[in-house]
Amino acid sequence: MSRRIQGKVVEVSANGDLITDIEPRDWRDIPRSNETRVKVDQEHETVGIFGNDHGQPAMTLIAIADGESPLKLHLVDDSASMMLGVRSGASVEICW
């Protein structure tokens, strides 16, 4: 049985990260494995959830959950908002 959490982008940070309304209490028990998929704006998808020390290569879209802040979508070394054309209000869905 798959599980899902739905939310939305509520803010675009100064560096173009997509800040969601999905709070730590909502994603604490989600597996950090390849089973977990995060989709934004129904068009863009990434696999897994990472911490701030992710070590992923440039131009990789990742979901970051640092334990204290809402889930954010980050494009390594670039602006996720500009590259993906995503703004506040876009849908976000986590499935596992």
> How do the strands (runs of 3 or more DSSP E) wholly within the range 1-52 filter down when requiring 2 or more residues that are among the charged types (D, E, K, R), surrounded by fewer than 16 Cβ atoms within 10 Å (Cβ to Cβ) and out of contact with any Pro (no Cβ under 6 Å at 6 or more places or on another chain): which remain?
Replying inline: 4-12
>> If the requirement is being under 12 Å from the mean Cα position of the chain (by Cα) and of a type in the set (Asp, Glu), which of these qualifies: 17, 53, 78, 29?
In response: 17
> Name the pairs: first residue in the range 68-96 and farther than 18 Å from residue 7 by Cα and modelled with pLDDT of 95 or more, second residue surrounded by fewer than 17 Cβ atoms within 10 Å (Cβ to Cβ) and charged (D, E, K, R), Cβ to Cβ under 6 Å, at least 6 apart or on different chains?
Replying inline: none
> Is there a residue being within 21 Å of residue 26 (Cα to Cα), in contact with a Lys or Arg (Cβ under 8 Å, 6 or more places away or on another chain) and either assigned to a loop (DSSP other than H, G, I, E, B) or β-branched (Val, Ile, Thr) (or both) anywhere in the range 70-83?
Replying inline: no
> Which of (1) farther than 14 Å from residue 19 by Cα; (2) out of contact with any Gly (no Cβ under 8 Å at 6 or more places or on another chain); (3) not β-branched (Val, Ile, Thr) is the odd one out, the single condition residue 39 does not satisfy?
Replying inline: (1)
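The values are calculated or read from the model by the stated rules, or taken from the named source; none is laboratory data. Quantities reported herein were computed from a predicted structural model and do not represent experimental measurements. For neighbour counting, all protein chains shown are included, and Cβ atoms are generated from backbone atoms with ideal geometry for every residue, glycine included.
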